[in-house]
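Notes follow the structure.
The values are calculated or read from the model by the stated rules, or taken from the named source; none is laboratory data. A quick note: this is a predicted structure, and the numbers were derived from the prediction, not measured. Cβ placement follows ideal geometry from the backbone for every residue including glycine, while neighbour counts extend to all protein chains displayed. Calculation scope for accessible area: heavy atoms of the full protein, side chains included, ligands and nucleic acids excluded. Shrake-Rupley method; radii C 1.70, N 1.55, O 1.52, S 1.80 Å.
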Amino acid sequence: MYPAQFDYEKAGSVSEAIDAISGHSDAELIAGGHSLLPTMKSGLAEPEMLVDIGDIDELHGIEHHDGHTHIGAMTRYADVAEDNTLWEEAPVVAETTEMIGDRQVRNRGTVGGNIAHADPASDLPGAVLAADATVHIAGPDGERSVEADDFFHGMYATDVGEDELVTGVQVPHEGTAGAYAKKPNPASGYALVGVAVRLTMDGDTVADARIGANGVMDHGTRLEPAEDAVEGQALSGDSIGAAGDAAGSSLDEYMVMEDQQASAEFRLQLLGAYTERALEAAGERAGVL
Ligand SMILES: Cc1cc2nc3c(=O)[nH]c(=O)nc-3n(C[C@H](O)[C@H](O)[C@H](O)COP(=O)(O)OP(=O)(O)OC[C@H]3O[C@@H](n4cnc5c(N)ncnc54)[C@H](O)[C@@H]3O)c2cc1C
């Protein structure tokens with residue numbers, strides 16, 4: 001299908017983009033276009049104006065600082081996945097971007113677009129939760145920052161206001177290992193279930209664990225019982241199995257996603273299995289398994 005008619009404006013700076021969306025009641029930002037254009041072509045979205053943020057230099061690129069890395073909102077997944085330094089600093093984010101869609105999607109899709117769109121089956125929400133990232137947002141009232149834990153509100157709903165845009169994501173260099181394990185939807189490649197893990201090891205013992213899941217609830221979700229099951233324990237078959245068993249225990253079973261690809265019951269089974277896989281991969285990366 002063809003999309004409905006729309007006006008188009010290319011923003012040269014973040015403030016130009018904010019002016020354009022604030023002054024228009026039905027404007028949408030366009031970044032990689034890999035979620036927005038399909039919804040426009042199918043008639044599910046009919047924005048009157050698109051504000052293209054693709055040429056705003058300050059939104060592009062990866063900056064490595066002492067203690068954290070800043071990833072600009074317009075940075076493509078392929079550039080994140082190919083950043084060798086990020087694989088050392090925050091492997092869970094690097095590995096997750098490497099597993100999104102196919103090469104074409106990774107060459108166009110953006111970090112900011114992915115988390116702002118907040119599709120329940122997207123891969124990056126779980127990773128930014130596991131990485132304990134901070135999301136930078138700009139709007140008519142200036143700039144603000146939101147912890148990943150407070151960023152995702154629901155299905156396609158985030159903390160970003162109508163007149164605001166995500167400018168980047170700040171990823172701390174904490175944790176000594178991380179990994180992402182995903183059961184892809186065989187048709188689309190999105191996550192039927194995806195589990196992102198960041199571990200801070202003290203020898204063989206897990207000093208701190210953060211685990212985020214995609215595809216299970218209406219938005220990316222921390223799996224705190226699974227974190228508790230490995231924290232303070234040596235990473236072993238027993239502790240990993242306990243984390244898998246605990247993975248879905250705090251989730252409201254009536255809110256678990258259910259669709260023609262997978263029942264809620266099957267998703268919860270996958271959640272346990274993929275929590276174990278992600279922990280095993282992180283443990284191997286940490287050299288303790
Ligand atoms: C065939 C196919 C397979 C895919 N497979 C996967 C997959 O396996 N895993 C996965 O995670 N995703 C997958 N995707 C989705 C893809 O990752 C999208 O790129 C992503 O969901 C949105 O990013 P985008 O840059 O394309 O945003 P766009 O499509 O341009 O925008 C999406 C929405 O976010 C808003 N937006 C964009 N940037 C910002 C910003 N900086 N601040 C505020 N709002 C913003 C837009 O206004 C729009 O509402 C797939 C897409 C396709 C077409």
For segment 226-266, Kirkwood radius (reciprocal of mean inverse C-alpha pair distance, Å): 11.6 Å
Fully extended contour minus Cα-Cα distance, from residue 147 to residue 55, at 0.36 nm per residue: 30.5 nm
For segment 7-52, the spread of Cα positions along each principal axis, largest first, Å: 30, 21, 12
Cα-Cα pairs of segment 86-149 separated by more than 14 Å (percent): 61 percent
Hits among aspartates and glutamates - C-alpha to C-alpha of residue 183 under 12 Å, sequence gap 8 or more where chains match: 123
Taking the chain and dividing mean pair separation by its residue count, relative contact order in percent (alpha carbons under 8 Å, at least six apart): 15 percent
Kyte-Doolittle mean at least -1.0, axial Cα span of 20 Å or more - DSSP H helices of the chain: 264-286
Under 5 Å, built H, 5+ apart or other chain: amide partners of residue 68: 173
Shape box of the chain [Cα atoms, principal axes, largest first, Å]: 58, 46, 33
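Quick check on segment 6-85: what are the equivalent-ellipsoid semi-axes from the Cα gyration tensor, as sqrt(5λ), descending, whole Å?
Working: eigenvalues 152, 52, 14 Å².
In descending order, the three semi-axes are 28, 16, 8 Å.
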C-alpha center-to-center spacing [segment 102-132, segment 141-178] in angstrom: 12 Å
Most fluctuating residue given options 262, 17, 157, as computed from a GNM of the chain linking Cα atoms under 10 Å: 262
Computed magnitude of the charge dipole of segment 59-172 (debye, nearest 20; Cβ of K, R +1, Cβ of D, E -1): 420 debye
Dipole of the chain, positive direction: furthest Cα of 266, 18, 194, with charges on the beta-carbon: 266
Label point 7 Å beyond Cα of residue 187 along Cβ direction - residues of segment 62-106 with amide nitrogen under 18 Å: 101-102
Solvent-accessible heavy-atom area per residue, rounded to whole Å², over the chain at 1.4 Å: 45 Å²
Hydrodynamic radius by Kirkwood, which averages 1/r over all alpha carbon pairs of segment 177-286, in angstrom: 13.6 Å
Projected area, mean over directions - segment 59-172, Cα convex hull, nm²: 6.4 nm²
Cross-link reach list, lysines versus residue 10, counting only Cα pairs under 26 Å and skipping chain neighbours closer than eight places: 41
Label-point separation in nm, residue 157 to residue 13, each point 7 Å along Cα→Cβ: 3.5 nm
